[in-house]
Amino acid sequence: MERDWARLGAALKAGREDLGLEQQQVAERIGVKRGALRNIEVGDVSRVTPTVRAYARTVGWTDDSVESVLAGGDPTIPDTPAPHSVATLADVTPDELPLRIKAALAAGPLLDAVVIDLPAAEGEDPEAQMVVIVKGRRQEATPEQIKRALLQWERAEAHIRKPGTG
């Protein structure tokens, strides 16, 4: 059976728009450039990649929805979140965070936050994600200090995302 990549792209785009999200917002959430999302949305892909799966999860689809849509079916959006055997961050209140995390979050301006899929074996989807919150050291940082901090983060992020590092 032939896979309908344009249909998949249109369905993902509709899911994104239903959530009121812009391409850039989804791209940042899943750690890719906006152009990668555009390519998916216009059907300019030829295989199911971790990026396609991350996009589907972002719009709330179940894991089997990508294949279902490619085959002419509809995506499945669960009525309730899947049960987890471990707590999710949504289950953790700020009071339950470790003290060193609470202290770091309280100090300095928020510079950026990203979600990065952890590396998986070739051809497999990532099983976990890393959440990175980038904070400045001082709440009263000057624009120049913030600019330098953001440049440091850009270099670090490029290293984190570089294949084969870590």
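Selection of helices (runs of 4 or more DSSP H) fully inside region 12-70 by the criterion of at least 2 residues being among the basic types (Lys, Arg) and either within 23 Å of residue 118 (Cβ to Cβ) or not assigned by TED's automatic domain parsing to the domain that holds residue 120 (or both) returns 34-41, 50-58.
Here are 149, 128, 113, 107: which of them is at negative phi, modelled with pLDDT under 80, outside the structural domain of residue 51 (by TED's automatic domain parsing) and not charged (D, E, K, R)?
Just one listed residue meets the conditions, 107.
Based on what the data block shows, is residue 95 over 20 Å from the mean Cα position of the chain (by Cα), modelled with pLDDT under 70 and part of a helix (DSSP H, G or I)? Yes.
The values are calculated or read from the model by the stated rules, or taken from the named source; none is laboratory data. It should be emphasised that the depicted structure is a prediction, and the values quoted were computed from it without experimental measurement. Using ideal geometry, Cβ is built from the backbone for each residue, glycine included, and neighbour counts are taken over all protein chains shown.
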